[in-house]
Amino acid sequence: MRYKFLLNQPLRNLLFVLVLTGVAAGLGYVAMQYPIQRDVTYNTVNSLEPGSVEILAQLSGPVTITVYATEQDAHLGDIRKIIRDFLSLYQRYKPDIQLVFIDPEKNEEKARAAQIRFNGEMVIEYAGRSEHLTKINEPIVTSTLLRLSHTRDQTIMYLDGHGERKLDGIANFDMGSVFGAKLKQNGFHLGSLNLALAQEVPGNVSVLVITQPQLDLMPGEVDKLLRYVERGGNLLWLVDAEPLHGLERLAEKLDLLLPPGIVIDPAATEMNAPASWSLGATYPPHAITNNFNLTTAYPSARQLIWDKELLSGHPNENADWQHQVLVEVAPRGWVSRNPSKDKPRDENRLSVRPFDKQHDTPGPVVIAMALQRHTHDRDQRIVVVGNGAFLSNSFAGNGGNVDLGLNMVNWLAGEEHLITGQPRAAKDSKLELSKMQLEIISVIFLLVLPLLLAGVGGRMWWKRRRA
């Protein structure tokens, strides 16, 4: 015997509502337990840069951000909402970022104790360190977190007194406007060192930077440099294709051969750059070049050769050094022993004379290398680059020059965790239309499209009327 149960319409409607409510509640529970967010904006304006995400992943402890802001500002309106919405991007990747709001007008004592000067000023605290921010955007906030993530205070000193490039100088020849400013932004303390005045290289120096001197160093100054290396000091040596002015002994100490001449790279002319520029595009694996894929440019670079048995004559003297090539350029180029012949008379002409097998050395050419050894119960690190101009104010903005320089300093200072991936390129979201294009779009949306919709609607009405 077959039974058939029929539900009346109200009961079916009730059952449908209950099922729909249950499905919605279930989906809501799943969404809360397994949240998924996707930024579908063209410029991904609602997401952080990959570099910012990597820095957040390196912060092992909680971050506290105290915002001293009133509920309403006469000019900006609801400052708290602006700050809360922006910092929610950081909380998405690091949930233990605690956001605290304090009204400086209602809590004047707290604001005064925190030395608050502006409405909306923030205090970011991490690992016992803190910094004040009066502006808010991703580069500023991320740079602040990067500085706070330093495991210790790091001091970088550069050799001075012989016409060298200055890490805090603003002249085109110097390196302060771009590279030095980035080092400061990343939390490094910069200072100059004149070995004619200082007894020794200070013990608190994390990295000593040597650039091309224009005058000869005195033998006593070179002695101090060599003692610094012997003690296990970290060194960044940027050597140009010029006379060493007394630093020959340092090259011998490191078993480096610096042959004369500059690198000629035909690939540079293909990029409408002078042939005396060397372009770095691929890099051997190393902590400095890990995930680094930006093109770098080196004006008038010189070749580096490292062979301890050939150079020193004492195979065991520096046997504990490990060396690694960082940058190799000009696979189709060469080292020119007579650079004056390679300079075109017409500055607009980028081609140079052909390769001379009797006088030139064929590429590829090594122009940067890293040395590392364990001595005095510590890891000693040295980076030598056959070019200093690539970090100068004139050329630092080319490609990934500054990024590679920062990676070198971070590695030398023992801050490998601060070597992050490169920022993504910003997409062009600006749309420019001609007057004719604007008129065509206006006609389409204001005339053609309404008439088309009216025609379709009229046709449907006519069919229904005849049916």
Quiz item: So which residues in the range 142-157 are buried (at least 20 other Cβ atoms within 10 Å of the Cβ) and part of a strand (DSSP E or B)?
Solution: Q154, I156, M157
Self-check item: Members of the range 377-423 found to be in contact with a helix residue (DSSP H, G or I) (Cβ under 6 Å, 6 or more places away or on another chain), among the β-branched types (V, I, T) and either assigned to a loop (DSSP other than H, G, I, E, B) or within 19 Å of G169 (Cβ to Cβ) (or both), listed by number
Solution: V402, I419, T420
Quiz item: Residue check, Q324 against (1) in contact with a His (Cβ under 7 Å, 6 or more places away or on another chain); (2) at pLDDT below 90; (3) among the polar types (S, T, N, Q), all met but one. Which one?
Solution: (2)
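Within the range 178-199, work out how many residues are part of a loop (DSSP other than H, G, I, E, B) and either within 21 Å of H245 (Cα to Cα) or of a type in the set (S, T, N, Q) (or both). Steps first, please.
The first filter runs over the range 178-199 and keeps only residues part of a loop (DSSP other than H, G, I, E, B), leaving 186-187, 194-199.
Remaining after also requiring either within 21 Å of H245 (Cα to Cα) or of a type in the set (S, T, N, Q) (or both): 186, 194-199.
Total meeting the criteria: 7.
When you look at P260, is it of a type outside the set (G, A, S), more than 29 Å from I156 (Cα to Cα), surrounded by fewer than 19 Cβ atoms within 10 Å (Cβ to Cβ) and modelled with pLDDT under 95, yes or no? Outline the logic, then answer.
On the way: of a type outside the set (G, A, S): yes; more than 29 Å from I156 (Cα to Cα): yes; surrounded by fewer than 19 Cβ atoms within 10 Å (Cβ to Cβ): yes; modelled with pLDDT under 95: yes.
Criteria met by P260.
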Exercise. Quick one: in the range 40-89, of everything that is modelled with pLDDT of 85 or more and among the aromatic types (F, W, Y), which residue is farthest from the chain's Cα centre (by Cα)?
Key: Y68
Quiz prompt | Flag if H374 is outside any strand (DSSP E or B), at pLDDT 80 or above and more than 16 Å from L279 (Cβ to Cβ) | solution = no
Exercise. Filter the range 167-177 down to the residues that are out of contact with any Leu (no Cβ under 9 Å at 6 or more places or on another chain) and assigned to a loop (DSSP other than H, G, I, E, B), then identify the one that is surrounded by the most Cβ atoms within 10 Å (Cβ to Cβ).
Key: G169
Quiz item: Can you tell me which of L247, L257 is touching a residue at least 24 places away in the same chain (Cβ under 8 Å), under 17 Å from L326 (Cα atoms) and over 30 Å from the mean Cα position of the chain (by Cα)?
Solution: L257
Quiz prompt | Given (1) touching a Lys or Arg at 6+ places or on another chain (Cβ under 8 Å); (2) among the charged types (D, E, K, R); (3) modelled with pLDDT under 95, index of the condition D153 fails | solution = (1)
Quiz item: In the range 125-141, which residue that is closer than 16 Å to K184 by Cβ and in a helix (DSSP H, G or I) is nearest to the chain's Cα centre (by Cα)?
Solution: P139
Quiz item: Do any residues in the range 164-179 that are assigned by TED's automatic domain parsing to the domain that holds Q214 have Cβ atoms under 6 Å from those of residues that are outside any loop (DSSP other than H, G, I, E, B) and of a type in the set (V, I, T), where the two are at least six apart or on different chains, and which pairs are they?
Solution: V178/V402; F179/V402
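Looking at the structure I just gave you, is V201 closer than 23 Å to A413 by Cα, touching a residue at least 60 places away in the same chain (Cβ under 8 Å) and surrounded by 19 or more Cβ atoms within 10 Å (Cβ to Cβ)? Even if it seems obvious, please write down each step before you answer.
Working: closer than 23 Å to A413 by Cα: yes; touching a residue at least 60 places away in the same chain (Cβ under 8 Å): no; surrounded by 19 or more Cβ atoms within 10 Å (Cβ to Cβ): yes.
No, not satisfied.
Mind checking whether some residue in the range 419-436 is farther than 30 Å from I55 by Cβ, at pLDDT 80 or above and surrounded by 10 or more Cβ atoms within 10 Å (Cβ to Cβ)?
Of the residues in the range 419-436, the ones farther than 30 Å from I55 by Cβ are 431-436.
Narrowing further to those that are at pLDDT 80 or above: 436.
Right, trim to surrounded by 10 or more Cβ atoms within 10 Å (Cβ to Cβ) and you get none.
Among the residues of the range 419-436, not one is farther than 30 Å from I55 by Cβ, at pLDDT 80 or above and surrounded by 10 or more Cβ atoms within 10 Å (Cβ to Cβ), which makes the answer no.
The values are calculated or read from the model by the stated rules, or taken from the named source; none is laboratory data. Please read all numbers here as calculations on a predicted model, not as lab measurements. Positions of Cβ are backbone-derived with ideal geometry, glycine not excepted, and every protein chain shown enters the neighbour counts.
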